[in-house]
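The values are calculated or read from the model by the stated rules, or taken from the named source; none is laboratory data. Since this is a predicted model, take the numbers as computed values, not measurements. Backbone-built Cβ (ideal geometry, glycine too); neighbour counts: all protein chains shown.
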Amino acid sequence: MTTSTSRTFFITGVSTGFGRAFSEAALAAGHRVIGTLRNEAARAEFDQLAPGKSFGRLLDVTDDAAIERVINEVESKTGAIDVLINNAGYGHEGLVEESTLDDLRKQFEVNVFGAVAVIKAVLPYMRKRRAGHIISITSMGGIITMPGIAYYHGSKFALEGISESLGKEVASFGIHVTAVEPGGFRTDWAGRSMVRAPRSIPDYDETFEPIRKRREGYSGHQAGNPAKAAQAILKLVESDNPPAHLLLGTDAVKLVREKIAQLTSEIDAWESVSLSTDFD
């Protein structure tokens, strides 16, 4: 696929999974990609994907000062960032009662604070140019929930809200903001990338242990194809009127529709109580 307009993408977390798929698709379409990685060997390898078009940068998204330095260096030396894709993140699996508050802080530090720090570093440049597209890879888990990944859901719900609100703040500047919500895709999310809290409370064994085993076995067998997700992202970027939310995957569409139907049912059932709380 070759697009009519060449863009410069800044994508976080391009070593594997979605980040690598997005990078390869953008490069194949004739775009330039600056990708962030965590070690020098991976950075050098990314540079060689498409010499002169792929640019690896070492970056830990929990390092606010480093984020600002890298963005400033890219804007001044490599080129204006047209598309930001906040992709770096991970999943924490663990019951709320068994997971520590430090686990929660770490989950938010990467999935929320890291993403927002990158947005804040890029935004002044996009605002000055009155153009740009900010894409945050959240999850269907930013809209629906499943047991055992509450901290992950919390981080993705937070990023969803920030993304949607930001879109309303910057629309008049010609900047688009989209939260992309994938379902199950064959990435490392449920495998080596997932942090799993140790078990400690037997009361949960009967309900949670089967869920953990299914999730472990699910890795590598998901229906979603990351390469096809990457093509969807290219269509999103080419749109003159991109959506605030984009679901990816049949499971995401199905489960989010079920969530909306459930919410509608609850609102209808409790509407009289909801409406009873205003001053007369």
Please indicate, with yes or no, whether at least one residue in the range 161-172 is in contact (Cβ under 8 Å) with a residue 40 or more places away in the chain, part of a strand (DSSP E or B) and either more than 18 Å from A88 (Cβ to Cβ) or of a type in the set (S, T, N, Q) (or both). no
Condition first: of a type in the set (A, V, I, L, M, F, W, C), in contact with a strand residue (DSSP E or B) (Cβ under 6 Å, 6 or more places away or on another chain) and without any contact (Cβ under 8 Å) to a residue 24 or more places away in the chain. Can you find one or more residues in the range 56-76 that meet it? no
Which ranges mark the helices (runs of 4 or more DSSP H) fully within the range 1-108 that have 2 or more residues being surrounded by fewer than 16 Cβ atoms within 10 Å (Cβ to Cβ)? 40-47, 64-73, 101-108
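Conditions (1) without any contact (Cβ under 8 Å) to a residue 40 or more places away in the chain; (2) closer than 30 Å to L95 by Cβ; (3) basic (K, R), marked per residue:
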{"site": "E216", "(1), (2), (3)": "yes, yes, no"}
{"site": "G224", "(1), (2), (3)": "no, yes, no"}
{"site": "A227", "(1), (2), (3)": "no, no, no"}
{"site": "L236", "(1), (2), (3)": "no, no, no"}
{"site": "L246", "(1), (2), (3)": "no, no, no"}
{"site": "K254", "(1), (2), (3)": "yes, yes, yes"}
Checking L248 against (1) hydrophobic (A, V, I, L, M, F, W, C); (2) touching a helix residue (DSSP H, G or I) at 6+ places or on another chain (Cβ under 7 Å); (3) farther than 19 Å from M146 by Cβ, only one condition comes out false. Which one? (3)
Counted residues, the range 1-41 - those being touching a residue at least 60 places away in the same chain (Cβ under 8 Å) and of a type in the set (D, E): 1
Does the range 227-237 contain any residue that is surrounded by 17 or more Cβ atoms within 10 Å (Cβ to Cβ), among the hydrophobic types (A, V, I, L, M, F, W, C) and over 23 Å from H31 (Cα atoms)? no
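Residues are listed down the side, and each one gets a yes or a no for (1) outside any helix (DSSP H, G or I); (2) among the hydroxyl-bearing types (S, T, Y); (3) under 18 Å from the mean Cα position of the chain (by Cα); (4) more than 30 Å from A171 (Cα to Cα):
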position	(1), (2), (3), (4)
I211	no, no, no, yes
Q222	yes, no, yes, yes
Q231	no, no, yes, no
K235	no, no, yes, no
P242	yes, no, yes, no
V253	no, no, yes, no
V256	no, no, yes, no
A261	no, no, no, no
Could you tell me how many of the residues in the range 125-155 are closer than 19 Å to G167 by Cα and either without any contact (Cβ under 8 Å) to a residue 12 or more places away in the chain or hydroxyl-bearing (S, T, Y) (or both)? 6
Can you tell me which of E97, E109, E93 is closer than 30 Å to R199 by Cβ and touching a Lys or Arg at 6+ places or on another chain (Cβ under 6 Å)? E93
Filtered residue count, the range 193-203, keeping only those that are within 24 Å of N111 (Cβ to Cβ) and either in a helix (DSSP H, G or I) or under 20 Å from the mean Cα position of the chain (by Cα) (or both): 4
Pick from the range 187-214, criterion out of contact with any Gly (no Cβ under 6 Å at 6 or more places or on another chain) and at pLDDT below 85, ranking: surrounded by the most Cβ atoms within 10 Å (Cβ to Cβ): A190
